1. Equivalent-ellipsoid semi-axes (√(5λ), Cα gyration tensor) for the range B:110-159, whole Å, largest first?
2. Just check the protein assembly as shown against the gyration tensor rule for me: Cα atoms, a ≥ b ≥ c as the square roots of the eigenvalues, rounded for a/c under 1.5, and otherwise prolate or oblate depending on whether a/b exceeds b/c.
3. If you project the alpha carbons of the range B:1-142 onto their three principal axes, what span does each projection cover, largest first, in Å?
4. Taking the mean number of other Cβ atoms within 10 Å as a proxy for protection, how do you rank B:29-38, A:241-250 from highest to lowest?
5. Which of A:172, B:223, A:97, B:271 comes first, and how do the rest follow, when ranked by fewest Cβ neighbours within 10 Å?
6. Kindly provide the helix-only [θ] at 222 nm of the protein assembly as shown, computed as the sum of -39,500 (n - 2.57) over DSSP H runs of four or more divided by all residues, to the nearest 500 deg cm²/dmol?
7. Among DSSP beta bridges lying fully in chain B, give the percent that are antiparallel, nearest 5.
8. Using Cα springs under 10 Å in a Gaussian network model of chain B, which residue among B:95, B:18, B:189 shows the largest mean-square fluctuation?
């Protein structure tokens, strides 16, 4: 029985991504809500997959405006057994959900810090004197929106539908091309043949200049990187882990050769998975 | 008259960094609190320096655990006129500030999301059932701590002293080597000779693989990079701006030559400043 952990509760963008995963990989289960397991934080959703409490976790890894989701990257680096099964890119469009009939009546706006940041210009312009309160997820305070018409929340259209609440303005995100990439993480290798691969490494010399060697390994073989991101090792300021996405499947002979060479110019190298993007 | 913008209110780590800047560069003003101007957000503090409402802004740019402060990096890239005058590295030690006499009495903990994240293991272990609420700054809810003994806040020892509140546990950060690097930003070039330089660039080809060329420019000249960080261009997923810190002053002939060559392998190159680190 396939079960899917996601950053809950129902109505988050993570749930939309989790539903899309079912539709894509397990179309027979798409309309079985019991397959979706909401978790209160990203690390808890990832841990559930790591420890086998669920089959996979669907978690955001990068937003086109806000950048990398650091909790996901850090959890992936620490994970012992998880592999990326699939990537899902989802357009993000935020709705202002409130029972207020005009903007002047709103006193407080609740949302996840990333969503607040993605609507910052709109909020500065249309709700300049409204208190913005960060919550653990977009849907955390929708019950308050239902009870009090001076409260608004920023969340998905789906969240408004699930909680049966009116949308006053849509879309309110500052950048129209806002999208988030989600990863499906599980303990087994993906069943479909991948088109992309992800890896992460730390460097022997604690200097980002040493990054040139791993990058040359790919450049010399004309292998395209689609993303690079650094995270602190948490040991001391100036030491990094680099996350790299590659436009090649892991069983490509050219890429396998690159991986061999990469071992010699990195300290700790982790293959995070080979997967396709939906 | 030198005035300093920082992420307020009084008692934040940014204020400690701002005081250290005065001590370092304007020792005569160190005990004149009227020189310090608190702002509610990092972009607002940076804008105040950009528009000349203050002389400099002191803002966090990188924490050893949490990584880059994305708001600071994004504001720096957008700024037309600001230069880095000075970098300040500050050890971060968090205190649990509360009038509760033992942990069992605490029901809510308030703090900035970065501080909550930096104490996550401690909170999971000692306050597992306590509600964690994210605030705009560490000191936002110290008035609530004063009024209600079931409330705690995570902030600096200085904050406890300023607000005359007791510390129940100290330090509570998960990593003992927690430190944050702050930047002092102003519209003029720094008066002291720098030891480090920072720059940022976007790439002509929208592929992170193209990053190998700019890195080779430095590697070929044995110039050490002390940091590399990517941020999304916000145009579309997969396009990045790279921030690089270099262990060389901008007037070093070797480095000047590198900068010339860098122009030809980047799309948009910004010199963010040449400065020393305190």
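1. In descending order the semi-axes read 17, 13, 9 Å.
2. Verdict is oblate for the protein assembly as shown.
3. Reported extents, whole Å, longest axis first: 49, 33, 22.
4. Sorting B:29-38, A:241-250 by mean packing, highest first, produces A:241-250, B:29-38.
5. Fewest to most other Cβ atoms nearby, the residues stand as B:271, B:223, A:172, A:97.
6. Helices in the protein assembly as shown give a 222 nm mean residue ellipticity of -7500 deg cm²/dmol.
7. Among the beta bridges of chain B, antiparallel pairing accounts for roughly 75 percent.
8. B:189
A short reminder: the numbers here are calculations on the coordinates, not readings from a lab. Values in this document were obtained by computation on a predicted structure and should not be read as measured data. For neighbour counting, all protein chains shown are included, and Cβ atoms are generated from backbone atoms with ideal geometry for every residue, glycine included.
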